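Take a look at the structure below.
The values are calculated or read from the model by the stated rules, or taken from the named source; none is laboratory data. These numbers were taken from a predicted model, which means no experiment stands behind them. FYI the Cβ positions are ideal-geometry reconstructions off the backbone, even for glycines, and counts take in every protein chain you see.
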Amino acid sequence: MQLEKDYARFKEHGAELVAIAFQNQNGATRSAEKSKVSYPILADKDHEVASAYNVHNLLKDGVATPAVFIIDSSGEIAWSYIGKNLGDRPSTQVIFEYLPSLK
């Protein structure tokens, strides 16, 4: 997975990467272990986070639409990308373009 390969680069520039899983904590932990990712995976079993960011069930599939949010140090959304289908995700290079500390 490209995000795992680039995770160290995110960290070097003061950015944190967090994935969201529609599972309980044990399920999210198992997913992280299975996929061998080192970045944190947030358990969002009841879809509270996905709903708060308006990405739950946008594609009428009962899960979160692929989305990326860059949150600045004041807690504001500085940039976002909402996927139009299950595989629609920006490349890490595109994400890096929107991280001011990486420019």
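Structure values in brief
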| item | result |
| --- | --- |
| Among (1) at pLDDT 85 or above; (2) more than 14 Å from residue 92 (Cα to Cα); (3) of a type in the set (A, V, I, L, M, F, W, C) - the single one residue 22 does not satisfy | (1) |
| Qualifying positions in segment 33-46 - under 14 Å from the mean Cα position of the chain (by Cα) and more than 12 Å from residue 17 (Cβ to Cβ) | 43, 44 |
| First in segment 23-52 and farther than 19 Å from residue 6 by Cα and touching a residue at least 24 places away in the same chain (Cβ under 8 Å), second anywhere and among the small types (Gly, Ala, Ser) and assigned to a helix (DSSP H, G or I), Cβ under 6 Å, 6 or more apart | 44/50 |
| Any strands (runs of 3 or more DSSP E) falling wholly within segment 37-103 and containing at least 2 residues that are among the charged types (D, E, K, R) and modelled with pLDDT under 90 | none |
| Residue ID - surrounded by the most Cβ atoms within 10 Å (Cβ to Cβ), chosen from residues in segment 5-22 that are in contact (Cβ under 8 Å) with a residue 24 or more places away in the chain and acidic (Asp, Glu) | 6 |
